[in-house]
Amino acid sequence: MTQNAPSRLSQLRRTSLAMLDGLSAAEQRAQSHPELSPMLWHVGHVFFMETYWLAERVFGDRSVTDDWRELYVPEVCAKDERSGLLPDAASLRAWAAEISAANDMYWRRAAEIDHPLLEDGYLAAFLRQHYAQHLETMRLARAQLLLARTESTTPSGIVAASPDTPMATVDAGMVAIGTDDIAAYDNEQPSFSTHLDAFGIAPHCVTNAQWLGFIQAGGYRKREFWDQDGWAWRVAESVEHPQHWRRAGDGWDIPADLDNDVANAPVHGIGWYEARAYARYADARLPREIEWEAARRQGVLLDCEQVWEWCDEAFYPYPGFKAFPYDGYSRTWFDGAHFVARGASIHTEIDVRRPGFRNFYPPTHRHVFAGLRLART
C-alpha cells in the first residue's frame, strides 16, 4: 500500500491551520477553558505529532522534534503553561509548511521500506485520527471563545417537556463488540462476542426541552437524583444548568448548535454526573457501553452522531487488551475516573465516526458536546 503524501492527511493539515482563522491574536493564544489548550498549541501539536511518529519514530530524524518537545508533548508542558511559550500564527504557519514538506518526502520514502508502524497503512490511519480528534477539540475551544465574546442574551422561547421517552427493544442474544480493523485504537480491540439480556433503549437523545423540564422540576436541587460524588461536585461548583446555557430574563438563551429547532435538539453541555441524575429523574438509566454498541450496530439509534452520549460505566479494557502503539494511549485512563461517551458529535470528523469508537472523559467534563439517551432493563 502506498504511503505517498496521503491526500486525507493533507486535507486535515489544512483544516487544522484554518482553525486559527477569524480569531484575534489574543484568542489564538487564550486558554478558553481550564481543560482546553490554546488554539495555537493544538495546531502546533498535531503537526509536531505527525513529525514525531513519521520522521522520528520511523526514520530516526529528531531534528524537528527535539527543538519542540518541551512545548508540544502534553506530559511535559501543562495546559496552563503553554500560552506564553507559543509562536505567533504567522510563524506557526511557516513552520507547519516547512515540516509538512519534509514529512511529504518521508511519506514517499515510506512506500519503499518495511516498518511495523507502516504495516497495512497503520501509521497513516493513526495520524488521520489524531488530527481528527484534535480538530474536534479545536472546535470546542472555538465554541468556548464564542461564549466568552457573547454578552447579550435572547430567550430561546422553548417550553419544558416531560421525560417520557418511547423505548425500542433490543432482544437478548449474542452480540459482537469491538473491531480488529487496522484503523481501530487499541481500546477497541480485540473484538469479542458476549451475551446481552433484553433491554430497552431510546431511539432519540434527551432534548433541550426535556432538560428544561428537569431544571423546572428541581433536578439540580433534589439530592435523591444524584450520586454521592455527583451531588458533592454539584454543590461545590454551584452547577444549575448545562454549561453553555445562559439565563435570559425568565427563560434561557440556548445556542442553536444543530439546527433551528432548539427545543428538540439533543441537550449537551452536561457531564456524566448530570446525565446520571437526569436518568434517575426519568425513572430510567444510562445504557451500558456494550448495549449502546449493540443497538447502534442493529440500527436502533436514530440520531447517534449529533452529540456524544454518556454511557453508564467507567472506561475499561476489553478482554485480551494489548496496548499499542504505546502503553499510555489507553491504559492510563483505565483508572475508574473516566467514563465512556459513545457515538459522535456534529464536530466529529469522519475518521473516527464508527460504531466501535470509544470516547472517555472525567464525569465533570461539560464542554465536550456530550448528552445522553435513556435505557431501561
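The values are calculated or read from the model by the stated rules, or taken from the named source; none is laboratory data. These numbers were taken from a predicted model, which means no experiment stands behind them. All Cβ positions, glycine included, derive from the backbone under ideal geometry; neighbour counts span all protein chains shown. The accessibility values were calculated without ligands, DNA or RNA, using every heavy atom of the protein model including side chains. Shrake-Rupley method; radii C 1.70, N 1.55, O 1.52, S 1.80 Å.
Tabulated data for the structure shown
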quantity: Filter result (more than 30 Å from Arg331 (Cα to Cα), open to solvent by 80 Å² or more (accessible area, probe 1.4 Å) and touching a His at 6+ places or on another chain (Cβ under 9 Å)) within the stretch 146-186; calculated: Pro166
quantity: Residue under evaluation Glu75, criteria (1) open to solvent by 30 Å² or more (accessible area, probe 1.4 Å); (2) assigned to a loop (DSSP other than H, G, I, E, B); (3) of a type outside the set (A, V, I, L, M, F, W, C); (4) modelled with pLDDT of 95 or more, criterion not met; calculated: (4)
quantity: Residues located in the stretch 93-151, provided they are among the aromatic types (Phe, Trp, Tyr) and within 25 Å of the chain's Cα centre (by Cα); calculated: Tyr122, Phe126, Tyr131
quantity: Complete set of residues in the stretch 304-352 that are under 30 Å from Pro116 (Cβ atoms), among the hydrophobic types (A, V, I, L, M, F, W, C) and surrounded by fewer than 22 Cβ atoms within 10 Å (Cβ to Cβ); calculated: Phe315, Phe321, Ala323, Phe324, Trp333, Phe334, Ile350, Val352
quantity: Subset of the stretch 58-70 (residues that are touching a residue at least 24 places away in the same chain (Cβ under 8 Å) and surrounded by fewer than 18 Cβ atoms within 10 Å (Cβ to Cβ)); calculated: Phe59, Asp61
quantity: Those residues of the stretch 232-261 which are touching a residue at least 40 places away in the same chain (Cβ under 8 Å), open to solvent by 60 Å² or more (accessible area, probe 1.4 Å) and of a type in the set (S, T, N, Q), in sequence order; calculated: none
quantity: Residue list for the stretch 240-270, restricted to those being among the aliphatic types (A, V, I, L, M), within 18 Å of Leu286 (Cβ to Cβ) and either touching a Lys or Arg at 6+ places or on another chain (Cβ under 9 Å) or assigned to a helix (DSSP H, G or I) (or both); calculated: Ile270
quantity: Qualifying residues in the stretch 262-303 (those that are open to solvent by 30 Å² or more (accessible area, probe 1.4 Å) and on the phi > 0 side of the Ramachandran plot) - the one nearest to the chain's Cα centre (by Cα); calculated: Gly299
quantity: Enumeration of residues in the stretch 165-180 that are in contact (Cβ under 8 Å) with a residue 60 or more places away in the chain and either among the basic types (Lys, Arg) or in a loop (DSSP other than H, G, I, E, B) (or both); calculated: Thr165, Met167, Gly178, Thr179
quantity: Residues of the stretch 187-207 classified as outside any strand (DSSP E or B) and open to solvent by less than 10 Å² (accessible area, probe 1.4 Å), total; calculated: 5
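The rows are residues; the columns are (1) acidic (Asp, Glu); (2) modelled with pLDDT under 95; (3) out of contact with any Phe, Trp or Tyr (no Cβ under 7 Å at 6 or more places or on another chain).
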site	(1), (2), (3)
Glu81	yes, no, yes
Leu85	no, no, yes
Ala89	no, no, yes
Ala96	no, no, no
Ala132	no, no, yes
